[in-house]
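Enquirer: I have a structure I would like to understand better, so I am pasting it below and will then ask my questions one at a time.
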Amino acid sequence: MENDDHIKNTVNHLFRQESGKMVSVLIKIFGTENIELAEDVVQDALVKALETWKYRGMPDNPRAWLYRTAKNKAIDVIRRNKHSQLIDFSDPEKQLLTSSYTLGVTMDNYWQEDSVKDDFLGMMFACCHPKISQENQITFILKSLCGFSTKEVAKSFLTNEETISKRLYRTKEYFRKHKIRPVIPNSVEIITRSNTVLSAIYLMFNEGYNSTHDDQLIRKDLISQAMLLCHSLLSEDRTRLPKVFALMALMCFHAARVDSRLGPKGELILLHKQDRTQWDVDLINSGEQYLNRASFGNELSTYHIEAAIAYQHCDAKTYDDTNWAEILKYYNMMLDISYDPIVFLNKCLVILQLEGPKEALRIFDKIREDKVLQKYYLYHAILGQIYQKLERYKEAVLYYKDAIALTQSKHEKQFLKDKIDKMLL
């Protein structure tokens, strides 16, 4: 009998890696009017994996076992409902599912590797239908196709779980009403819808890089999944766009520094104290190659600029060698393209490095009244850092405490508590 924690971790890893693909295939089989049914079948397969593997041990190929279980459960659903109105069998391909002679072969065809990949990409783009708001698009992709919990999605949007649940309901209702099919769109639609797909991938990466609802600050499973999703876009001619290369470069640069972000006791280590010999040189080189390949075409996306910023950090031999002036130019470029309060917060940190706390505070005053940002821990953490540099320690402590109250990461909480303790010595 295998270790229960090992079984649970393996199933959770498979859930992150494969649930979206299985849901996509099942939605194609059942129709987008039956999204919940597809999600239930996948959930049942995962539960069965937990129960079976606990007593019989891990199969040689857990992924294949899970796919086969989901496929068999889908066959059961088809057999139970082939005479009902639940599933629309009017499509010629689906008609083959209603015959016992062709059901097995037809179902096998849905689960072929290339078909699974196309269905997943198709569902990613179906989620980005122009009639669905961008917030609802990303919410649905993260929750139904990427295995995020409602709580994790809520944190990504700086909102509450009730709001996310309402968005999911509205999106599913739109899919159900309009029977949107999971197909890869034409080249024109790909360009317009790809921004949402890339936003979802990047949000997933960020959740792995700085986890909000997990005992681990860094979740390499999410980082890996996000990079695999991006790579899947690059492996398809129709989705091999400059901004996709740029996002891949950005994730490579960030992922290269992952192992240096935590100390031996799991404590958070900021950039200026990181051991740069731990950085993954191969990933940095890959990031450079992707960034070079992102230079074709006329589009300059925020991913291009963010990747250029990340490259500056990776290229600096030491923290003191960082070209902060160049980084400030890149942040200004991003703000010129589109104002983003989070980008503005990061710009304040750069100004703190370049021009000191007084100028940083003067710039920060421009966003003092932003009610959304005031709910974000980084807003208060940066103010605490500025006031600490100004040696206004009472105010710094208050802002650090506000930041502690707003973050759910135990690593961030401990890091901020340590800063307070050092000031109070």
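The values are calculated or read from the model by the stated rules, or taken from the named source; none is laboratory data. Small disclaimer: the values here were computed from a predicted structure and weren't measured. All Cβ positions, even for glycine, are placed from backbone atoms using ideal geometry, and neighbour counts span all protein chains on display.
Enquirer: Please go through segment 152-189 and pick out each residue that is over 21 Å from TYR379 (Cβ atoms) and either assigned by TED's automatic domain parsing to the domain that holds SER24 or hydrophobic (A, V, I, L, M, F, W, C) (or both).
Expert: Matches in segment 152-189: ILE164, LEU168, PHE175, ILE180, VAL183, ILE184, VAL188.
Enquirer: Let me ask something else about it. Taking into account only those residues within segment 158-188 that are of a type in the set (A, V, I, L, M, F, W, C) and touching a helix residue (DSSP H, G or I) at 6+ places or on another chain (Cβ under 7 Å), which is nearest to LEU217 (Cα to Cα)?
Expert: Only one residue fits best here, namely LEU158.
Enquirer: GLN374 - would you say it is in contact with a Ser or Thr (Cβ under 7 Å, 6 or more places away or on another chain) and either surrounded by fewer than 20 Cβ atoms within 10 Å (Cβ to Cβ) or of a type in the set (Val, Ile, Thr) (or both)? Working first, answer last.
Expert: Details: in contact with a Ser or Thr (Cβ under 7 Å, 6 or more places away or on another chain): no; either surrounded by fewer than 20 Cβ atoms within 10 Å (Cβ to Cβ) or of a type in the set (Val, Ile, Thr) (or both): yes.
In short, no.
Enquirer: OK, next. So which residues in segment 388-417 are acidic (Asp, Glu) and at pLDDT below 90?
Expert: If the condition is that a residue be acidic (Asp, Glu) and at pLDDT below 90, then GLU412 is the only one that fits.
Enquirer: As an exercise: evaluate ALA360 against (1) surrounded by fewer than 20 Cβ atoms within 10 Å (Cβ to Cβ); (2) in contact with a Cys (Cβ under 7 Å, 6 or more places away or on another chain) and give the number of the one condition it does not meet.
Expert: Every condition holds for ALA360 apart from (1).
Enquirer: Something else: Output the qualifying pairs, or none if there are none: Cβ atoms under 8 angstrom, residues six or more apart or on different chains, first residue in segment 307-324 and modelled with pLDDT of 95 or more and crowded, with 19+ Cβ neighbours inside 10 Å, second residue of a type outside the set (Lys, Arg) and not in a helix (DSSP H, G or I).
Expert: As it stands, the answer is ALA307/ALA294; HIS313/THR322; CYS314/ALA256; CYS314/TRP279, since those pairs meet every condition given.
Enquirer: How many residues are of a type outside the set (Val, Ile, Thr) and part of a helix (DSSP H, G or I) if we restrict to segment 295-341?
Expert: Qualifying residue count for the region: 27.
Enquirer: Would you mind stating whether TYR376 is under 22 Å from HIS272 (Cβ atoms) and among the hydroxyl-bearing types (Ser, Thr, Tyr)? First the steps, then the outcome.
Expert: Values: under 22 Å from HIS272 (Cβ atoms): no; among the hydroxyl-bearing types (Ser, Thr, Tyr): yes.
It is false that TYR376 is under 22 Å from HIS272 (Cβ atoms) and among the hydroxyl-bearing types (Ser, Thr, Tyr).
Enquirer: Let me ask you something else. Specify the residue that is nearest to the chain's Cα centre (by Cα); the eligible residues are those in segment 92-124 that are aromatic (Phe, Trp, Tyr) and either buried (at least 21 other Cβ atoms within 10 Å of the Cβ) or under 17 Å from ALA70 (Cβ atoms) (or both).
Expert: Restricting to residues being aromatic (Phe, Trp, Tyr) and either buried (at least 21 other Cβ atoms within 10 Å of the Cβ) or under 17 Å from ALA70 (Cβ atoms) (or both), the top hit is PHE120.
Enquirer: On to the next question. Where residues in segment 27-51 are free of Cβ contacts under 8 Å to residues at least 40 places away in the same chain and touching a Phe, Trp or Tyr at 6+ places or on another chain (Cβ under 6 Å), which of them is surrounded by the fewest Cβ atoms within 10 Å (Cβ to Cβ)?
Expert: Going through the qualifying residues, I end up with LEU46.
Enquirer: Within segment 129-145, track down each residue that is crowded, with 20+ Cβ neighbours inside 10 Å and in a helix (DSSP H, G or I).
Expert: Correct list: ASN136, GLN137, ILE138, THR139, PHE140, ILE141, LEU142, LYS143, SER144, LEU145.
Enquirer: Being in a helix (DSSP H, G or I) and either in contact with a strand residue (DSSP E or B) (Cβ under 6 Å, 6 or more places away or on another chain) or in contact (Cβ under 8 Å) with a residue 12 or more places away in the chain (or both) narrows it down to one of GLN374, GLN388, so name that one.
Expert: GLN388
Enquirer: Can you tell me which of LYS347, LYS317, LYS329 is closer than 20 Å to LEU390 by Cβ and among the basic types (Lys, Arg)? Even if it seems obvious, please write down each step before you answer.
Expert: Working: LYS317 fails: closer than 20 Å to LEU390 by Cβ; LYS329 fails: closer than 20 Å to LEU390 by Cβ.
Among LYS347, LYS317, LYS329, only LYS347 is closer than 20 Å to LEU390 by Cβ and among the basic types (Lys, Arg).
Enquirer: Counting just the residues of segment 52-77 that are in a loop (DSSP other than H, G, I, E, B) and touching a residue at least 24 places away in the same chain (Cβ under 8 Å), which one comes out nearest to ARG176 (Cα to Cα)?
Expert: If we take residues in segment 52-77 being in a loop (DSSP other than H, G, I, E, B) and touching a residue at least 24 places away in the same chain (Cβ under 8 Å), then MET58 is nearest to ARG176 (Cα to Cα).
Enquirer: Another question, then. Yes or no: LEU390 in contact with a Phe, Trp or Tyr (Cβ under 7 Å, 6 or more places away or on another chain) and surrounded by fewer than 17 Cβ atoms within 10 Å (Cβ to Cβ)? If you could, list the steps in order and put the result at the bottom.
Expert: On the way: in contact with a Phe, Trp or Tyr (Cβ under 7 Å, 6 or more places away or on another chain): no; surrounded by fewer than 17 Cβ atoms within 10 Å (Cβ to Cβ): yes.
So LEU390 does not fit the description; no.
Enquirer: Now for a separate question. Kindly provide the set of residues from segment 104-153 that are in contact with a Ser or Thr (Cβ under 7 Å, 6 or more places away or on another chain), modelled with pLDDT of 90 or more and of a type in the set (Asp, Glu), ordered by number.
Expert: If the condition is that a residue be in contact with a Ser or Thr (Cβ under 7 Å, 6 or more places away or on another chain), modelled with pLDDT of 90 or more and of a type in the set (Asp, Glu), then ASP119 is the only one that fits.
Enquirer: Filter segment 150-178 down to the residues that are outside any helix (DSSP H, G or I), surrounded by 15 or more Cβ atoms within 10 Å (Cβ to Cβ) and either of a type in the set (Gly, Ala, Ser) or over 13 Å from the mean Cα position of the chain (by Cα) (or both) and list them by number. First the steps, then the outcome.
Expert: Taking segment 150-178 first, the residues outside any helix (DSSP H, G or I) are 157-160.
Restricting the remaining residues to those that are surrounded by 15 or more Cβ atoms within 10 Å (Cβ to Cβ) gives 157, 159.
Answer for segment 150-178, where residues must be outside any helix (DSSP H, G or I), surrounded by 15 or more Cβ atoms within 10 Å (Cβ to Cβ) and either of a type in the set (Gly, Ala, Ser) or over 13 Å from the mean Cα position of the chain (by Cα) (or both): just THR159.
Enquirer: Now for a different question. All but one of (1) more than 22 Å from GLN289 (Cβ to Cβ); (2) surrounded by fewer than 19 Cβ atoms within 10 Å (Cβ to Cβ); (3) under 20 Å from the mean Cα position of the chain (by Cα) hold for LEU271; which doesn't?
Expert: The number of the failed condition is (3).
Enquirer: From the list ILE138, ILE132, pick out the single residue that is β-branched (Val, Ile, Thr) and under 22 Å from TYR303 (Cα atoms).
Expert: After ruling out the rest, the residue left standing is ILE138.
Enquirer: Looking at PHE205, PHE148, PHE157, can you tell me which residue is more than 25 Å from LEU283 (Cβ to Cβ) and aromatic (Phe, Trp, Tyr)? Before you say what the answer is, go through the steps one by one.
Expert: Numbers: PHE205 fails: more than 25 Å from LEU283 (Cβ to Cβ); PHE148 fails: more than 25 Å from LEU283 (Cβ to Cβ).
Going through PHE205, PHE148, PHE157 in turn, just one is more than 25 Å from LEU283 (Cβ to Cβ) and aromatic (Phe, Trp, Tyr): PHE157.
So that you can scan it fast, the table gives a plain yes or no per residue for (1) over 13 Å from the mean Cα position of the chain (by Cα); (2) not in a helix (DSSP H, G or I):
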residue	(1), (2)
THR196	no, no
SER211	no, yes
LEU217	yes, yes
LEU222	no, no
LEU233	yes, no
LYS243	yes, no
ALA246	yes, no
ALA249	yes, no
PRO264	yes, yes
